[in-house]
Amino acid sequence: MAVLLYRIGRWAFRRRRLVGGVWLGVLVLAVAAAALAPAGEEEDLSMPGTESQKAFDLLDERFPQSNSQGAEARLVFRAADGQRVTAKENRAAVEDALGSLDDGAQIASATDPYESGAVSEDGTIAYSTITYTADAVDLTEASKDDLANAARQARDTGLTVEIGGSALDAEEEPGGTTEIVGVAVAAVVLVLALGSLIAAGLSLLTAFVGVAIAFGLVSALAVPLGLTSTVAILALMLGLAVGIDYALFITSRYRHECAQGRAPEEAAGRAVGTAGSAVVFAGATVFIALVGLGVVGIPELTKMGLGGAGAVALAVLVALTLVPALFGFFGRRMLPRAVRKAIRSGDASPRPVPDTGRPGLGARWARFVLRRPVPVLMIAGLGLGAVALPALGLELGLPGDESKSVETTQRRAYDLMSEGFGPGFNGPLTVVVDTSGSGDVRATTDLVVRTVRDVDGIASVGDPVLSRAEDTAVLTAVPDTAPNTGATKDLVHTIRSAVSDVEADTGADVLVTGTTAMNIDISQAMSDALLPYLTVVIGLAVLLLTVVFRSVLVPVKAALGFLLSVGAAFGVLVAVFQWGWAADLIGIEQTGPVMSLMPILIIGIVFGLAMDYEVFLLTRMREAYVHGASPGDAVVNGFRHSGRVVAAAAIIMISVFAGFIGMSSPTIQTMGVGLAAAVAFDAFVVRMAIAPAVLALLGHRAWWLPHILDRVLPNVDIEGEKLNRQVPARATESDAAVRRLPVGRD
């Protein structure tokens, strides 16, 4: 692979105008396709095979005139202090506001709070439930405007009116101040790490090209493939992070090769052949882990994985082709001025670029760890273990209106409903009774109603509604507790257990569903899939690293370190989002369960990123070891050449991920916090402290491989040994030839 990539690098360098033109054309087409494509819509989260999803499917079949997962809104009215909503003038205002919705094209029904009993006991709060024939994603702006106008009309009479439900759910748009700050930090880090504005700008430019193409393709395919804004944001987040990092790794190696006296074209080929091999492997691990999210069985998670994987694949292609092509335009101007001057003057020992040459901070840190491996290992391991302890209390759920800012009308409506009727009214359960297999339809339905009412924790059960064929009944059960509490989760399981006796006695099928039940089922499925997915990811890590580094203990060390960093990241999520530690600093106003998709998503992403750092650090270590260096010297060599670059790459990733914390979406906030924490722990604690400490203790045993595996495993040559053997003489130029080349040209 190294030789193939070497040839690709040299070809891209020579054909730089062709390569640059092709990527520019692809960029223009992607942007144009995104601009011309219709806007994508959000989709309801679903989990095929769960009881709640089966119930929704049954409702769509038996009640074709309605949409079981259609949009719903609640207009919540509160009378002024000292008044009641049942007063004549307030009642007239409420009824007039609801009457303005009668002509709505997408409205299926709007309940009258005075006829349906939706008035609080003290008479101060009332609500109307408006159901729509369309899903929330298909609701027109006209329908939303009608809802807002009805609320405004009632407010003009002195009532407090808030709107809850899914009808006003808005799509999260990428772009904002915090993301710009993250990119700005990345730019500063690049300049400091590379010591050159041109080199830093090249890494940013190529990353922006890749992420712009990925974002454009996701936007263009949003409607035909049902891709949501979360998919686009994840592609943007990952594309920026890995795009900058991959360009940084190859650029750093190119500068090193140029500083050794090689011609720019040869340096570009060798940079792509060596660092590019690591980029391919690292990108492949991220790609596989993200695509593997499809095995969980949640369509939205599958789409997020595929969108992120596509962005990573584009980042790899850009790094292998566009980056060396730009080397051709800038040549030695990628080097610091002092190094270029030394090369032009014929100095045989030019001053090195920042990541090579005399021992720097990375080499000094490596020697420090080698002298004190046990204390470093204990402090780092016990520290991460302590941070991971809160993860033992991890609770999974899906955010609702209760997690939104108090500045939103949805959150204020939620609070009014809790105040007037109890928290359970914000998450009613729907019980579907399929009586096609029972004899007496009404007797069976009445038995289900009595059974559900007798369950502890049920506040009320509504009258059943029968389908036209009278083979299906639907009833609403209101819990005593809020939707995202553990008590409500236990209540759903209790109801399902209680109605199982009715099913056995009558032959009917009784299913519990609704948004709350669906969220509980998805969270349970996520919990069940977490351990198997983690096992697959760890197994994949061990297998891939065994092939790459031809070692048994190095992959085991890497996998255990990955577990530590992920566990610590989960601990941070629990502390921030469940316990509320530092929640005010990032704008989290309501604590609760961690977003149920996050653990698996973070495992998939962080696995690939962790392997990035493992590969880039240990590749240089193994390269030195196989050339005769002692185990300790090999560790120092790895940090001398790659420590600064890996640290810069980690800071860039942390900055990009942290830049998304300021967004209003709880999903994106959780993703930003989790990924930023995981990268920080994995790069700076696991790879830069625990890894060298373990290697120091293992010594030569770290690179041991049984003879049988040595014969069976393929040799992927990620260090570029074959490249050194096949391309020996052209590697360097004579000093005279170097002096004849103008700076910045090949």
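The values are calculated or read from the model by the stated rules, or taken from the named source; none is laboratory data. A quick note: this is a predicted structure, and the numbers were derived from the prediction, not measured. Positions of Cβ are generated from backbone atoms using ideal geometry, with glycine treated the same way; all protein chains shown enter the neighbour counts.
The table for this structure:
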| item | result |
| --- | --- |
| Selection from region 621-647 of residues that are surrounded by fewer than 24 Cβ atoms within 10 Å (Cβ to Cβ) and under 30 Å from the mean Cα position of the chain (by Cα) | R644, A647 |
| Region 112-148, subset touching a strand residue (DSSP E or B) at 6+ places or on another chain (Cβ under 8 Å) and assigned to a loop (DSSP other than H, G, I, E, B), residue surrounded by the fewest Cβ atoms within 10 Å (Cβ to Cβ) | D112 |
| Among the residues listed as A73, A92, A105, the single one being hydrophobic (A, V, I, L, M, F, W, C) and surrounded by 16 or more Cβ atoms within 10 Å (Cβ to Cβ) | A73 |
| Which numbered condition P555 misses (of (1) farther than 30 Å from P483 by Cβ; (2) within 19 Å of the chain's Cα centre (by Cα)) | (2) |
| Criterion (modelled with pLDDT of 90 or more, among the acidic types (D, E) and more than 30 Å from G462 (Cβ to Cβ)) met by exactly one of D112, D156, D96 | D156 |
| A342 vs. criteria at pLDDT below 75 and either part of a helix (DSSP H, G or I) or assigned by TED's automatic domain parsing to the domain that holds F208 (or both) | yes |
| Selection count where residues are under 20 Å from M595 (Cβ atoms) and either modelled with pLDDT of 80 or more or not polar (S, T, N, Q) (or both), scope region 655-667 | 9 |
| Which numbered condition K88 fails, given (1) under 27 Å from E419 (Cβ atoms); (2) in contact (Cβ under 8 Å) with a residue 12 or more places away in the chain | (2) |
| Residue within region 406-424 that is over 30 Å from L147 (Cβ atoms) and buried (at least 21 other Cβ atoms within 10 Å of the Cβ) present | no |
| Residue satisfying all of: in region 663-700; in contact with a Ser or Thr (Cβ under 8 Å, 6 or more places away or on another chain) and among the hydroxyl-bearing types (S, T, Y); nearest to S551 (Cα to Cα) among these | T667 |
| Single match in G195, G243, G261 (criterion: within 30 Å of G360 (Cα to Cα) and at pLDDT 85 or above) | G243 |
| Contacts under 9 angstrom Cβ, first residue in region 564-577 being over 11 Å from V673 (Cβ atoms) and assigned by TED's automatic domain parsing to the domain that holds V606, partner assigned to a helix (DSSP H, G or I) and among the basic types (K, R), 6 or more apart | S565/R687 |
| Pairs with Cβ under 7 Å, 6+ apart, first in region 698-710 and closer than 17 Å to R622 by Cα, second small (G, A, S) and not in a helix (DSSP H, G or I) | A702/S551; W703/S551; W704/S551; L705/S551 |
| Residue among R687, R640, R701 that alone is in contact with an Asp or Glu (Cβ under 7 Å, 6 or more places away or on another chain), more than 30 Å from R17 (Cα to Cα), at pLDDT 85 or above and not β-branched (V, I, T) | R687 |
| Any hit, region 537-546, residues being touching a Leu at 6+ places or on another chain (Cβ under 8 Å) and in the same structural domain as A683 (by TED's automatic domain parsing) | yes |
| Residue within region 412-427 that is of a type in the set (D, E, K, R) and within 30 Å of P692 (Cβ to Cβ) present | no |
| Region 450-468, residues that are in contact (Cβ under 8 Å) with a residue 24 or more places away in the chain and touching a Gly at 6+ places or on another chain (Cβ under 9 Å) | G457, I458, A459 |
| Enumerated helices (runs of 4 or more DSSP H) restricted to region 463-576, each holding at least 2 residues that are modelled with pLDDT under 85 and under 24 Å from W703 (Cα atoms) | 515-549 |
| Selection count where residues are more than 20 Å from L58 (Cβ to Cβ) and assigned to a helix (DSSP H, G or I), scope region 447-462 | 2 |
| Single residue of region 504-516 satisfying the filter (out of contact with any Gly (no Cβ under 9 Å at 6 or more places or on another chain) and of a type outside the set (S, T, Y)) that is surrounded by the fewest Cβ atoms within 10 Å (Cβ to Cβ) | A504 |
| Positions within region 1-18 being more than 10 Å from T321 (Cα to Cα), of a type in the set (A, V, I, L, M, F, W, C) and assigned to a helix (DSSP H, G or I), in sequence order | A2, V3, L4, L18 |
